Amino acid sequence: MIKTLILTISILLIYISDTKCQPQDSAKYVVDSTISESNLRILIENIVVTGNKVTDADIILREMQTKQNEYTTVDVLNRDLQRIYNLGLFTKVDMIPIPSSDKGYSLLITVEEGFYFLPIPIGGIKDGDLKKIWVGMNLKWRNFRGRNETVGLAFGVFYDPFVNVSYSIPWIGKNHHYFTSFDAGYSVNNNKSIPDDVTAPLNVNDVYTYKTFNWNTKVSVGKYMFKELSTAVSLGFNSTSTSDYIKDKTLSTDGTDNYLSAGYNINYDTRDSYEYTLAGISVSGNYLKYGFGDVINYNSIGVDLRKFIPIKLSDKYLISLGTRFNSTVFWGGNIADYHHSQLGYSRLIRGWDDYVFEGENSMIYSNELRIPIIQPFYIPGKELPIARKLPVLKDFSYKFGLYATLFYDVGAVWNKHDNIFNTRFYDGYGAGLNFILPFGFVGRADWGFRHQNNFYKGQLIFSLNSSF
């Protein structure tokens, strides 16, 4: 019943044009209380940024459509605020127009900076097996030099050890918006593979495992055509080998695949928030070329479409219907086993959390209805019992909120020689709670169901990010 309800609503609404209503944010009502008409043109005579102890002011100002000594509207200011918040540098952003003359306003932008050097311990238990414990550290120096650059070092030991270094510059140039990134890493993976002749889903504990040793480097360079649209090209070198040669697990007969890769990506994004989206569209497409020789020479194309429709129930209350379509398709020569698409593990059909599907190609479609129970709000660190006792934490504002969700997922995998119209699709559905947490985290608890062998089976799924 739940999956039928969500699917029916999505079909009716997904093609409806976005309405004027926007999700609530920290500036919406402050701005509206100063200027009552959202489409009224106002003159901004001066822009003042405060609270940016590390961040250069131009990093904030360049995100804005609103400029000094130009006219703007409340709607534009709200979009500017969301762009600043989506930088991921600030725990809170406020924007207040203050009358400065008979003709115009001064715009006061107040930001609260977050942690920029983040030594985050990481770890876990793979597949719920205590023998597969791994621990590590994710070191990120965000906002490096106060220019929103990021330097990263991540490593893990014990099960599936890895090390990775990265560096990204999200904005190069003044009049033109270029960006670039570099990353390199080494990992040892217990790769999971389902034989090609197995078409039914397998329990994660029954999947065949073998070790691969992987070296990867990649450089990307891109440009924003305008604030919502970017394109990028990438070039990389990859090396994958097995400890002992295992037939069909590498394409090269010596057990080591060395190849260059080249790619192209295009992305259009109007989402209101990257952390937990309630309105907007995201369209992403990528093409990858794997190898240019006789042994390794194939291609893939990936598409990710996301649309969120806010449905206004009252002046201050709205729900949001989110829809996502994601697919990856390969073609060309023989496809390496380690590049097969998988539905399961971190990319799952909810309700099938303990199963994995594998094939050369994949497709997954999701619907989620997000219903606010507690609207997002901020608590100053000085009012929290633990934070106020710690000098490092007391000056931050902490964001909290709670949403209920109804969801429906359906997906499938197939190989390039299969007929997609004969492919079996598996679905899952259920309800959950999404906890809006400080510093951009979303705690998620989903109760997912599947219909299997004439029985309805449920399972509890936990995660620390939004579903999409």
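The values are calculated or read from the model by the stated rules, or taken from the named source; none is laboratory data. On a predicted model such as this, the values are computed, not experimentally measured, just so you know. Cβ sites come from the backbone with ideal geometry, for glycine too, and all protein chains shown count toward neighbours.
Annotations for the structure displayed:
- Residue check, LYS389 farther than 25 Å from ASN434 by Cβ, surrounded by fewer than 15 Cβ atoms within 10 Å (Cβ to Cβ), modelled with pLDDT under 95 and assigned by TED's automatic domain parsing to the domain that holds ASN326: yes
- Highlighted here would be strands (runs of 3 or more DSSP E) found entirely within the stretch 352-418 that include at least 3 residues which are more than 21 Å from the chain's Cα centre (by Cα) and within 14 Å of SER467 (Cβ to Cβ), but there are none.
- Qualifying residue in the stretch 157-178 (condition: at pLDDT 90 or above, of a type in the set (Ser, Thr, Tyr) and in the same structural domain as LEU235 (by TED's automatic domain parsing)): yes
- Hits in the stretch 62-82 (condition: in a loop (DSSP other than H, G, I, E, B) and either among the basic types (Lys, Arg) or in contact with a helix residue (DSSP H, G or I) (Cβ under 7 Å, 6 or more places away or on another chain) (or both)): ARG62, GLU63, MET64, GLN65, THR66, LYS67
- Among the residues of the stretch 50-77, those identified as under 21 Å from LYS103 (Cα atoms) and touching a residue at least 12 places away in the same chain (Cβ under 8 Å) are GLN65, THR66, LYS67, GLN68, ASN69, GLU70, TYR71, THR72, THR73, VAL74, ASP75, LEU77.
- Filter pass, THR150 being outside the structural domain of TYR378 (by TED's automatic domain parsing), hydroxyl-bearing (Ser, Thr, Tyr), touching a residue at least 24 places away in the same chain (Cβ under 8 Å) and surrounded by 14 or more Cβ atoms within 10 Å (Cβ to Cβ): no
- Any hit, the stretch 305-318, residues being of a type in the set (Phe, Trp, Tyr), assigned by TED's automatic domain parsing to the domain that holds ILE364, in contact with a Phe, Trp or Tyr (Cβ under 8 Å, 6 or more places away or on another chain) and at pLDDT 95 or above: no
- Matching residues in the stretch 419-448 - criterion: being of a type in the set (Val, Ile, Thr) and part of a strand (DSSP E or B): ILE436, VAL442
- Filter pass, ASP58 being surrounded by fewer than 14 Cβ atoms within 10 Å (Cβ to Cβ) and outside any loop (DSSP other than H, G, I, E, B): yes
- Among the residues listed as ASP94, ASP102, the single one being in a strand (DSSP E or B) and either more than 23 Å from the chain's Cα centre (by Cα) or assigned by TED's automatic domain parsing to the domain that holds HIS177 (or both): ASP94
- Filter result for the condition that a residue is over 30 Å from GLU112 (Cβ atoms), buried (at least 17 other Cβ atoms within 10 Å of the Cβ) and aliphatic (A, V, I, L, M), over ILE436, ILE461: ILE461
- Condition broken by PHE462, with the remaining ones in (1) within 30 Å of PHE90 (Cβ to Cβ); (2) in contact with a Leu (Cβ under 6 Å, 6 or more places away or on another chain); (3) among the aromatic types (Phe, Trp, Tyr) satisfied: (2)
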